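Peer 1: Pasting in a structure now, in structure tokens, and then I'll have a few things to ask.
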Amino acid sequence: MRTILMAGVIALLAACSQEPPLGDVPAGVVTDWPAYGATSGGTHFSAANQITPENVHHLEEVWQHRSGDYREASREPFLSKSSLQVTPIMLNERIYYCSPFNKVFGLDAATGEELWKFDPQVDATSEPVLPNCRGVSSWQSGAEGFCEHRIIVGTLDARLVAVDAESGRRCPEFGDNGEVDVTHGLSAHGPHEYGITSPPAILGDKIITGAMVLDNVRVGVPSGVVRAYHARTGEFLWAWNPVKPGSRTHNEDGTFLSGTTNVWSIIAADPQRNMVFVPTGNTSPDYFGGHRGDLDFYSSSVVALHGDTGEVAWHYQMVHHDVWDYDTPAQPNLVDITVDGEVVPAVVQVTKMGLTFALHRDTGEPLWPVEEKPVPQGGAPDEYLSATQPFPTHIPHMIAEPITPEDAWGLTFWDEGACREQFEAMANEGFYTPPSTQGSINYPSNGGGNNWGSPAIHPEKRIMVAYTIRVPGSTRLIPREECEASGRRPNQEGTPYCVDTGFVMSPLGVPCSPPPWGTLDAVDLEAGKLLWSRPMGTTRNMAPFPFWWIEGIPGFGGPMMTASGLVFSGISGENAFRAFDLEDGSELWKVDLPTSAVAVPMTYQLESTGRQYVVVAAGGHWGDTSPAGDYIFAYALPEK
């Protein structure tokens, strides 16, 4: 009898734990994903709506693709592991993406079958700096034929390459046999100081690109110039070097003026206005600016450029005289926002400080007041600082309070005490505490706040979802003579100081701030209201048992949103991919991955199969403990 009763109880519990049946699947909306941010103006939003909060838990893997093009870290010679940060694009039922070393792949969007591969021959054995490729771009002429649809990739060794979208073969009329060397006009530099890591913007028949200029190395790094090329011929069309109006734009030898701020992140394009919006970095080197002068004019800003000429329409600076590496990290998002009953074309820009700026797209004027508030002074004796910094008033600050010694946190009383001692030993006057020889707390750290993953924004509800990092950093300036005597690796050459930077961590290797260290945050932009904040991820893949219970981990990545009310996101540091309900942030679905998904996911629905697919790249990050990898995963609802 006991056996029969136990069997009945087990059967009852099993029945209760079963997921509800799939039921009827909505017809959905056929839609593609033609650009890195879903559109040329970002938002990471898709009209796809077949997958819903009610059926998302039925998602299953339908295909995966592996490039074979990745690298594990090594000590001799020093090589960082690769990071797969790519968001694929999808047009005409084909997927296109790049590997960390710029190999480009064309896949069947329904099956993941590899249709072609193009190898630009980037040297993966000698490139020492953080290899990644965030995406490729698509240009279509409107005609049929070879190279009338082109896939454009920027490379780590600073080339733009155009290949035929149908075959993957070079487009020979573009530049020199399908490629353009974008180092033309630059001052002398090392082979690893300059390269392209983000997809170029496409505006009509123009390809517009910035470049990554290696951080924090020296004064006089190559120019951060933004340039435009003709999409068919590769002809150089115009250049914008970020120098103060009226200042010289070129060095004495005719090269573009060195040391100007660069545009390493994703450029937004507005075809209707024939404009591009560029997010600028901070002027090199990152943590000392006593030498900069006019070089700071466009630093850590959003700059609107006219598409035909590259002339500046307006710019707005988010950080004055940035000595914290708080560069503008994410693609500007182009959305319409209702302000005082009027629909206004806007640029929404998240920042590493966790501050979100909303600007008028035509003028650059803030849609709501921005206050210039006094910030800490002091720091290095050879430095000058801005007395104030801008703080938006309407959209909630993701990082609302500075961190204090009383906030110190640890897994035990011992390491909590060690964290408190670190906070007390360093300068810590709140937001924008300047770098110092004593050592300074920077909260948030130079990783964010928000970073390159960008937010997802619902264009009708005007709800923004962003990933926020909540970990304190530290910056210590070291007098040059002391730095050289110690034999440490030099940096910030050409300034009186080298620098040590890092996160403020306990002796047990956890951040000294209380968790969550990373959150997914939803904000109603028009109401200026935080709707929900959810800890993102757990420490299961980062810490030994029994420390798997901590929720909200630091990392990089970003969300994607669908019209059905779903938010999808992975994150570095945890080998998982999740779906959340836009309504309240509740987790609806999770799948384990072989390594972390440090990329913004994408989605599309095909006419040929009638299915919506969700795609994410999983390949780890050089800053997390997950292994390097080369996975592209696609998920869909089961076929009936």
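Peer 1: Out of the chymotrypsin sites (Phe, Trp or Tyr not before Pro) in the range 25-126, which ones are loop residues according to DSSP with at most 10 other C-beta atoms within 10 Å?
Peer 2: In loop regions of the range 25-126 (DSSP not H, G, I, E or B), the sparsely surrounded chymotrypsin sites (Phe, Trp or Tyr not before Pro) are F78.
Peer 1: Using the Karplus curve 6.51 cos²θ - 1.76 cosθ + 1.60 with θ = phi - 60°, what ³J(HN,Hα) values do you get for each residue of the range 605-614, in whole Hz, with x for Gly and Pro?
Peer 2: Along the range 605-614, the couplings run 10, 8, 5, 5, 9, x, 10, 8, 10, 10 Hz.
Peer 1: A follow-up question, please. Checking a compactness column here: for the range 251-360, what do you get for Rg(Cα) / (2.2 N^0.38 Å), N being the number of residues?
Peer 2: Expressed relative to 2.2 N^0.38 Å, the Cα Rg reads 1.14.
Peer 1: Sticking with this structure for a sec: Check which residues have an amide H placed less than 5 Å from L84's amide H, if you skip close sequence neighbours.
Peer 2: Amide H neighbours of L84: G619, G620, G629.
Peer 1: Gain in length, D336 to T393, computed as 0.36 nm per residue apart minus the alpha-carbon separation, to one decimal in nm?
Peer 2: Length difference between fully extended and current span is 18.6 nm.
Peer 1: Taking a spot 7 Å from the Cα of Y384 along the direction of its beta carbon, which residues of the range 252-288 have an amide N less than 17 Å from it?
Peer 2: Taking a point 7 Å out along Cα→Cβ of Y384, the residues of the range 252-288 whose backbone N falls under 17 Å are 283-285, 288.
Peer 1: As a test, work out the antiparallel percent of DSSP beta bridges whose residues both lie in the chain, rounded to the nearest 5.
Peer 2: Expressed as a percentage, antiparallel bridges in the chain total about 95.
Peer 1: Along the charge dipole of the range 468-572, pointing to its positive end and built from +1/-1 on Cβ of Lys, Arg, Asp and Glu, which listed residue (T538, P479, I469) has its Cα farthest out?
Peer 2: Working it through, the farthest residue towards the positive pole turns out to be T538.
Peer 1: What are the residues whose amide H is under 5 Å from the amide H of G28, where those residues sit 5 or more places off or on another chain and H is modelled from the backbone?
Peer 2: So G28 has HN proximity to no qualifying residue.
Peer 1: Could you list the chymotrypsin sites (Phe, Trp or Tyr not before Pro) in the range 136-237 that lie in coil according to DSSP, counting only those with at most 15 other Cβ atoms within 10 Å of their Cβ?
Peer 2: Answer in residue order: F146.
Peer 1: Residue by residue through the range 291-308, which ³J(HN,Hα) values in whole Hz follow from phi under the Karplus form 6.51 cos²θ - 1.76 cosθ + 1.60 (θ = phi - 60°), with glycine and proline marked x?
Peer 2: Rounded to whole hertz, the list is 9, 6, x, 5, 5, 7, 4, 9, 5, 6, 9, 10, 10, 9, 10, 6, x, 7.
Peer 1: Treating cross-link reach as a plain straight distance, find the lysines whose alpha-carbon is under 17 Å from the alpha-carbon of K640, omitting any fewer than eight places away in the same chain.
Peer 2: Result set, ordered by chain and number: empty.
Peer 1: Calculated from DSSP H runs of 4 or more alone, at -39500 (n - 2.57) each and per residue, what is the 222 nm mean residue ellipticity of the chain, nearest 500?
Peer 2: Computed mean residue ellipticity for the chain: -1500 deg cm²/dmol.
Peer 1: Starting from the amide H of L115, placed 1.01 Å from N in the peptide plane, find each other amide H under 5 Å away whose residue is 5 or more places distant or on another chain.
Peer 2: G106, L107, D108
Peer 1: If you don't mind, another one. Under a Cβ-only charge scheme (Lys and Arg +1, Asp and Glu -1), can you give me the dipole magnitude of the range 359-453 about the Cα centre, in debye to the nearest 20?
Peer 2: 240
Peer 1: Next question, about the same structure. At most 10 other Cβ atoms within 10 Å and a DSSP loop assignment: could you name the trypsin sites (Lys or Arg not before Pro) in the range 29-101 that fit?
Peer 2: R75
Peer 1: Can you run phi through the Karplus equation (6.51, -1.76, 1.60; θ = phi - 60°) for the range 550-558 and list ³J(HN,Hα) in whole Hz, with x for Gly and Pro?
Peer 2: Karplus values, whole Hz, x for Gly and Pro: 6, 9, x, 9, x, x, 10, x, x.
Peer 1: With Cα Rg over 2.2 N^0.38 Å as the read-out, I listed (i) 1.10; (ii) 1.04; (iii) 0.95; which label goes with the value calculated from this structure?
Peer 2: The listed entry that was calculated here is (iii).
Peer 1: If r is the Cβ-Cβ distance from D181 to T249 and R0 is 22 Å, what FRET efficiency results, to the nearest 0.05?
Peer 2: With a Förster radius of 22 Å, E is 0.60.
Peer 1: Could I ask something else about it? Treat every Asp and Glu Cβ in the range 93-553 as -1 and every Lys and Arg Cβ as +1, leave all other atoms uncharged, and give the resulting dipole magnitude about the Cα centre to the nearest 20 debye.
Peer 2: 340
Here, each number is a calculation from the coordinates, and none is a lab measurement. Because the structure is predicted, anything quoted here is derived from the model rather than measured. We place every Cβ from the backbone using ideal geometry, glycine too, and count neighbours over all the protein chains shown.
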